[in-house]
1. What residue, among those in the range 173-206 that are in a loop (DSSP other than H, G, I, E, B) and either more than 19 Å from the chain's Cα centre (by Cα) or not aromatic (F, W, Y) (or both), is modelled with the lowest pLDDT?
2. Could you check the range 123-151 and list, in sequence order, the residues that are hydroxyl-bearing (S, T, Y) and open to solvent by 30 Å² or more (accessible area, probe 1.4 Å)?
3. Quick one: would you say E50 is at pLDDT 90 or above and under 14 Å from the mean Cα position of the chain (by Cα)?
4. Filter the helices (runs of 4 or more DSSP H) completely within the range 23-122 down to those with at least 2 residues that are among the polar types (S, T, N, Q) and surrounded by fewer than 16 Cβ atoms within 10 Å (Cβ to Cβ).
5. At pLDDT 80 or above, assigned to a strand (DSSP E or B) and loosely packed, with under 15 Cβ neighbours inside 10 Å - does that describe any residue in the range 156-167?
Amino acid sequence: MTLIATNLANEAQLQMLRYQINPHFLFNALNTIRSMVEEDKTVARKMITELANFFRYSLSNVGTTDTFEHEINAIKNYLEIQKIRFEEKLIVEYDIDQKVNNLKIPFFIILPLVENAVKFGLQTSKIPLAIKICTKVNSNLEISVSNSGRIVENIKKTDGTNTGIENTRKRLELYYPDNYSFRLFEDDNCVVSQIIIKDFRNHLSE
């Protein structure tokens, strides 16, 4: 009975953490679309399509996990919207090992790291801001999101991005207790958010 209660509590916490993601993203995107409607209707239509795909994925997923392939496709929708917003100020690169496509990971576990890269990268990087999403596979799975720029010190606890980092840490601990690591560090003029999941093959979907 205690185990059932613990599982239910963990599931409730996972759902709560999931719904903390993206409080302002929709409003920023809609404001950009509004300005684009008169300037460039083709770009406005593209942005609406990307936004619809992003939220279709977000709202249609009733579980707490999904495949890496679906997750990265939604993140691509998100970053395409940001590229429209910031134009030549933002460039994005992907280095994704296709072997991880069917890996089950926590829903939107990577997105807060991407949001960090955009928000703080634009504050601290030379323009254009360069963002790279990379996976490496050996006995473990390494997921990294890097951006040009530097770490912003003394982030307020009320800052939405700091909340996103803590969200990621808590969800990783709930899904992979004692079986993961999470680091935020600087390397070669870049900020790197790195998740390592040990024995990742145990989490592959059938």
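1. By that ranking, first place goes to E206.
2. Across the range 123-151, the qualifying residues are T124, S139.
3. no
4. Details: elements: 25-39, 41-60, 68-86.
Hits in the range 23-122: 25-39, 41-60.
5. No, the range 156-167 contains no residue that is at pLDDT 80 or above, assigned to a strand (DSSP E or B) and loosely packed, with under 15 Cβ neighbours inside 10 Å.
The values are calculated or read from the model by the stated rules, or taken from the named source; none is laboratory data. Model, not experiment: these values are computed from the prediction. Neighbour counts run over all protein chains shown; Cβ positions are idealised from the backbone, glycine included. Side chains are part of the model used for accessible areas, which takes the heavy atoms of the whole protein and leaves out ligands, DNA and RNA. Shrake-Rupley method; radii C 1.70, N 1.55, O 1.52, S 1.80 Å.
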